[in-house]
Amino acid sequence: MTKPIWIKHAAQLATLASDVKGPRSKEAMSELGLIEDGSLWIEQGVIEAVGTTKELEKRYAERLHEAEVVDATNHLVTPGLVDPHTHVVYGGSREREFEMRLEGATYMDIMNAGGGIHATARMTREATEAELIEQTTRRLDAFFTHGVTTVEGKSGYGMNLETELKQLRVMKKLQEQHMIDLVPTFMGAHAVPPEYKGREDEFVDHLINDMLPVIAEEKLAEFNDVFCEKGVFTPEQSERILEAGKRFGLIPKIHADEIESYGGAELAAKIGSISAEHLLKASEAGIKEMAKSGTIACLLPATALYLREEAAAGRKMIDEGVAVAISTDCNPGSSPTTSMPLVMNLACISMRLTPAEALTAATYNAACAINRQEKVGSLEVGKQADIVLWNVKNYQELQYLFGVNHVKSVWKKGVKVV
Ligand code: NIG
Ligand code: FE
């Protein structure tokens, strides 16, 4: 039996508790469930009580001496951050492409010339499972350092069965070996591999007939994602892939309208995708349809910045009633970062989310985008004790002092990992 943990005197405890269950939009994104002089009691990795320090002192009067005490005076305490969109398992790196883009090449120019996703696919195909585990472990450790306690991860740097399976099996092993929660997504449709160039529909058939059944049989993924983009997969091909995934119990996600407006947001709403990602160029109609269907917009402002593009219309989406989540998009090309705090800063600066909305987008709504809202994303009784203690005193300061990692301590299921 491990000792209970008693966190007391938090200057501000942002619980993110709310009566709104499910993805939050509009005013609900500003409900942080704040408690001044806040306190948490953690028992066996689970939150057992949340309240003011006085309330918990009274309730646990007989047991206070048993607990490991954390004095959070002058500190903000929040739920562990959730990153609902990453490509964290990959081989190699692509720093030369960063230079090429600064010299004028575009993301798509590089990809069409065999670089980009194709370059990482070559390096990931070559990497052994052990190498991928070693590299990904370092990135997952870095997520912890930045206050992130749950991470979604996509395959998609194989685009052949062998390497897609290798990436997903690496994620499965890491779920067993690493303290972080890693949520797996199959993204065989990340690009059309060179061996299928000019035979795109055949690749789609191959993915549906030969890859999906094996992934489902081995229970290697919960979600199915597609890069729906001009020159990659059309909305029709994307729909086929996502509908096929549904038949295997995989929940659809979609990289939509990142480079060009291509009907991705509309498709996400039509097929009942849990989320649509990027959305830099989402149409007005697409945004309205997402609001109606309850599709979460998973926005990636670090990617927009890194590609020197205008960020998605986060402010407008929230005002129109779309629930917004945010994510690093951690990948070796368009967003090589593990910093969710930076992403929160950018959500405010480049998409005009308020500091409160940015925190909701990085916790509760992010958890909803990967179907984990019953376990993580808020500090409520019965939920996992995934907690961050910050070197700032309130949530506004967290977003205001930007580009700095304010993490002081992190607990994952009640175990101190930072
Ligand atoms: O979400 N846009 C497509 N996929 C990734 C980038 C992957 C890469 O460049 O390696 C993204 O930005
Ligand atoms: Fe992505």
Problem - Environment charge of residue 272, counting only residues whose C-beta is closer than 13 Å and scoring Lys/Arg +1, Asp/Glu -1 - result: 0
Practice task
On a 0 to 90° scale, report how tilted helix 117-126 is relative to the longest principal axis of the chain, with both axes built from alpha carbons and the result rounded to the nearest 10.
Solution key: 80
Fill in the blank from the handout: For segment 218-260, listing GluC sites (Glu not before Pro) in a DSSP loop whose Cβ sees at most 14 other Cβ atoms within 10 Å gives 218, 260
Problem - Quotient of C-alpha Rg and 2.2 N^0.38 Å, computed over segment 254-334 - result: 0.97
Completion exercise
Rounded to the nearest 10, the angle in degrees between the Cα long axis of helix 340-351 and the longest principal axis of the Cα atoms of the chain comes to 70
Problem - Dimensionless Rg over Rh [segment 202-350; C-alpha; Kirkwood] - result: 0.98
Exercise for the section: Could you tell me whether segment 1-104 comes out rounded, prolate or oblate from its Cα gyration tensor? Rule is a ≥ b ≥ c as square roots of the eigenvalues, rounded for a/c under 1.5, then prolate if a/b exceeds b/c, otherwise oblate. Expected result: prolate
Problem - Shape category assigned to segment 72-136 from the gyration tensor of Cα positions, a/c cut at 1.5 - result: oblate
Fill in the blank from the handout: Bridge orientation stat for segment 255-377 from DSSP, antiparallel percent rounded to 5, came to 10
Completion exercise
Judged on accessible area alone, 1.4 Å probe, highest first, 298, 348 line up as 348, 298
Handout entry: Antiparallel %, DSSP beta bridges [both residues in the chain], to 5
Key = 40
Handout entry: Whole-angstrom gap from segment 272-294 to segment 146-174, using each part's C-alpha centre
Key = 26
Practice task
Filter the trypsin sites (Lys or Arg not before Pro) in segment 289-354 to those in DSSP coil with at most 10 other Cβ atoms within 10 Å of their Cβ, and list the result.
Solution key: 308
Problem - Assigned charges on the beta-carbon of Lys, Arg, Asp, Glu; segment 96-237 dipole about Cα centre (debye) - result: 340
Completion exercise
Across all Cα atoms of the chain, Rg and the largest Cα-Cα distance (Dmax), in Å, are 21.0, 72
Handout entry: Nearest-20 debye value, the chain charge dipole, Cβ charges on Lys, Arg, Asp, Glu
Key = 720
Problem - Using θ = phi - 60° and Karplus 6.51 cos²θ - 1.76 cosθ + 1.60, couplings along segment 238-255 (whole Hz; Gly, Pro as x) - result: 4, 4, 4, 5, 6, 5, 5, x, 4, 5, 9, x, 8, 7, x, 10, 8, 6
Completion exercise
Note, segment 49-64: 3J(HN,Hα) by Karplus (6.51, -1.76, 1.60, θ = phi - 60°), whole Hz, Gly/Pro = x, goes 8, 9, x, 7, 4, 4, 4, 6, 4, 5, 5, 9, 2, 6, 10, 4
Practice task
For residue 182, list long-range residues whose amide hydrogen, built 1.01 Å from N in the peptide plane, is under 5 Å from its own amide hydrogen.
Solution key: 151
Handout entry: Using θ = phi - 60° and Karplus 6.51 cos²θ - 1.76 cosθ + 1.60, couplings along segment 180-193 (whole Hz; Gly, Pro as x)
Key = 5, 7, 10, 9, x, 10, 8, 9, x, 8, 8, 6, 8, x
Handout entry: Cα convex hull volume per residue for segment 142-219 (Å³)
Key = 89
Fill in the blank from the handout: Any residue on another chain or 5+ positions along whose placed amide H is under 5 Å from the amide H of residue 68 is listed here as 5, 6
Fill in the blank from the handout: Residues whose built amide H sits under 5 Å from the amide H of residue 407, excluding neighbours closer than 5 in sequence, are 391
Handout entry: Centroid-to-centroid separation of segment 211-240 and segment 39-88 [C-alpha atoms, Å]
Key = 39
Problem - Length added when fully stretched, residue 65-residue 288, from 0.36 nm per residue minus Cα-Cα - result: 74.8 nm
Exercise for the section: Compute the long axis of helix 161-177 from its Cα atoms, compare it with the longest principal axis of the Cα atoms of the chain, and write down the angle in degrees, 0 to 90, nearest 10. Expected result: 10
Practice task
Return the whole-Å distance between the Cα centroid of segment 104-140 and the Cα centroid of segment 324-354.
Solution key: 20
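The values are calculated or read from the model by the stated rules, or taken from the named source; none is laboratory data. All figures in this text were calculated on a predicted structure; none of them were measured in a lab. Virtual Cβ from ideal backbone geometry, glycine too; neighbours counted across all protein chains shown. Heads up: the accessible areas ignore ligands, DNA and RNA and are worked out on the full protein's heavy atoms, side chains in. Shrake-Rupley method; radii C 1.70, N 1.55, O 1.52, S 1.80 Å.
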